[in-house]
Amino acid sequence: MKVVIIKYNAGNIQSVDYALKRLGVEGSITDNHEEIRSADRVIFPGVGEASTTMAYLRSNGLDTLIPTLKQPVLGICLGLQLMCRHSEEGDTECLGIFDETVRKFVLQPDLLPSMKIPHMGWNTITDLKSDLFDQSLDGQHCYFVHSFYASCGADTAAICNYPTPFSAALQKNNFYAVQFHPEKSGTVGAKILENFLQLKINL
Amino acid sequence: MLSKRIIPCLDIRNGQTVKGVNFINIREVGDPVELGKRYSEQGADELVFLDITATHEGRKTFVELVKRIAFNLNIPFTVGGGISELSDADALLAAGADKISINSSAIKNPKLIDDLAHHFGSQFVVVAIDAREENNHWEATMHGGRIPTGKELFSWAKEAESRGAGEILFTSMNHDGTKNGFANEALAKMSELLTIPLIASGGAGSMEHFADLFKYGKADAGLAASIFHFGEIAIPDLKHYLRNQGISIR
């Protein structure tokens, strides 16, 4: 199986590569369009800021490539946010694969000190609606680090509460995305990555 | 619901785990990667690796170690020690670290926090503060508590937040090594003051101390070393206990 990790100006792509290696899969990190298009699986990870990363994707033509991919694509963290329609971070037009919009968590003084920003740490995922998950994963903890979140909508495939519900995962056709870091979410995250690699494709 | 985090801390010298009691009397406790994996399997939520090596050779060893840790661990980890420039942080990020922690270097050059946050994002930057209380006044210290800095703890923590820190790791030097419990009063005050997560360190000696930390100290995470390394508290037992106390735990 050929797994490609999209290379762009975002941090900590290395961890995703290590996670694949732990599953026995040798991924390649590339921004080459042909290599990405011909892969069996594409992972779109990322830690960073929305407007600068979108600008980079546009300068490399990745903004037009990614939405036209036919194989299973998995966005992680910022990857999920960039696959949405719009992000409040830098008032950024994103890829528009998912119809959801990305908003900033708002500090609520009455909820401090329990609700800090960023949302950092282990939180539960529920209401799972995707073949990325099996039901044993309902209510399990995943590792989150983010200050912006995708609202809940038609493409929501898992929900997390902080303190109101947001999209912990999104799915539309062959496009999958998770707000948490499966590469850092212990055995639960490893299972989700494994599920992604084993998806049955109906092309 | 977001869980409270339990974080074992491993001090590293020349690639080996050590733990100083009150930062003195260092004893060997094993291979960092093996120890880290064992903690991860037992349910540790995160790990911190602090490099206390002073030599250049030791630094290179540490970066190599960080690569091995990143490859072997599937939970987040922070690395600290000897980071005084962007290039130090960059090498650790490239090796696979999720976060870096800075301490004395931030006190000497507070703008380092701004620069790191700007280049790598706030989520990558933990500002560690070792502070000591005397006559009801908390002061940040450097070099394992030996050198006073003149910086008042709470205003320094708030300044670190406004400069872009993603988390504060506060160690009470009055409590560190005593096993008499965390500095809950000061921690609660700091947690109320901050909008970013607070990791508490110093004083863990029993499972009750962690329950008190989350109930009264209002911290988001609790860090400890020797009680975990020497098997005085097993992480599965601790988490079971805290869950029974009604605390949100993974």
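Can you tell me which residue among A:E93, A:E100, A:E88 is among the acidic types (D, E), crowded, with 17+ Cβ neighbours inside 10 Å and at pLDDT 95 or above?
On the way: A:E93 fails: crowded, with 17+ Cβ neighbours inside 10 Å; A:E88 fails: crowded, with 17+ Cβ neighbours inside 10 Å.
Result: A:E100 is the single residue among A:E93, A:E100, A:E88 that is among the acidic types (D, E), crowded, with 17+ Cβ neighbours inside 10 Å and at pLDDT 95 or above.
Between A:T156, A:T124, which is at pLDDT 95 or above and at the interface with chain B (Cβ under 8 Å from one of its Cβ atoms)?
Within the list A:T156, A:T124, the selection yields A:T124.
Only one of A:S151, A:S136, A:S114 is closer than 26 Å to B:Y39 by Cβ, away from chain B (no Cβ under 13 Å) and surrounded by fewer than 17 Cβ atoms within 10 Å (Cβ to Cβ). Can you tell me which?
A:S136
B:H175 - would you say it is away from every other protein chain (no Cβ under 14 Å), surrounded by 19 or more Cβ atoms within 10 Å (Cβ to Cβ) and not in a helix (DSSP H, G or I)?
yes
For residues that are within 24 Å of B:T195 (Cα to Cα), part of a strand (DSSP E or B) and aliphatic (A, V, I, L, M), tally how many sit in region B:121-157.
7
For region A:12-47, which positions are over 16 Å from A:V73 (Cα atoms) and surrounded by 22 or more Cβ atoms within 10 Å (Cβ to Cβ)?
A:N12, A:S15, A:A19, A:V47
Yes/no per residue for (1) touching a His at 6+ places or on another chain (Cβ under 6 Å); (2) of a type outside the set (A, V, I, L, M, F, W, C); (3) closer than 30 Å to B:I196 by Cβ; (4) assigned to a loop (DSSP other than H, G, I, E, B):
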residue: A:G24; (1), (2), (3), (4): no, yes, no, yes
residue: A:I36; (1), (2), (3), (4): no, no, no, no
residue: A:D63; (1), (2), (3), (4): no, yes, no, no
residue: A:C84; (1), (2), (3), (4): no, no, yes, yes
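Only one of these is surrounded by fewer than 22 Cβ atoms within 10 Å (Cβ to Cβ), more than 8 Å from chain B (Cβ to nearest Cβ) and free of Cβ contacts under 8 Å to residues at least 12 places away in the same chain: A:V188, A:V106. Name it.
That would be A:V106, the only listed residue that is surrounded by fewer than 22 Cβ atoms within 10 Å (Cβ to Cβ), more than 8 Å from chain B (Cβ to nearest Cβ) and free of Cβ contacts under 8 Å to residues at least 12 places away in the same chain.
Quick check: anything in region A:63-78 within 16 Å of the chain's Cα centre (by Cα), within 13 Å of chain B (Cβ to nearest Cβ) and under 25 Å from A:N12 (Cβ atoms)?
Yes, the conditions are met somewhere in region A:63-78.
Going through region A:62-80 one residue at a time, which ones are farther than 10 Å from A:R41 by Cα and either surrounded by 24 or more Cβ atoms within 10 Å (Cβ to Cβ) or touching a helix residue (DSSP H, G or I) at 6+ places or on another chain (Cβ under 6 Å) (or both)?
A:D63, A:L65, A:G75, A:I76, A:C77, A:L78, A:G79, A:L80
Mind listing just one residue for me: the one in region B:148-162 that is in contact (Cβ under 8 Å) with a residue 24 or more places away in the chain and more than 19 Å from the chain's Cα centre (by Cα) and, of those, nearest to the other protein chains (Cβ to nearest Cβ)?
B:K151
In region B:197-220, how many residues are of a type outside the set (G, A, S) and either under 19 Å from B:A234 (Cα atoms) or in contact (Cβ under 8 Å) with a residue 60 or more places away in the chain (or both)?
9
The values are calculated or read from the model by the stated rules, or taken from the named source; none is laboratory data. Predicted, not measured: the structure shown is a model, and the values here were computed from it. Neighbour counts run over all protein chains shown; Cβ positions are idealised from the backbone, glycine included.
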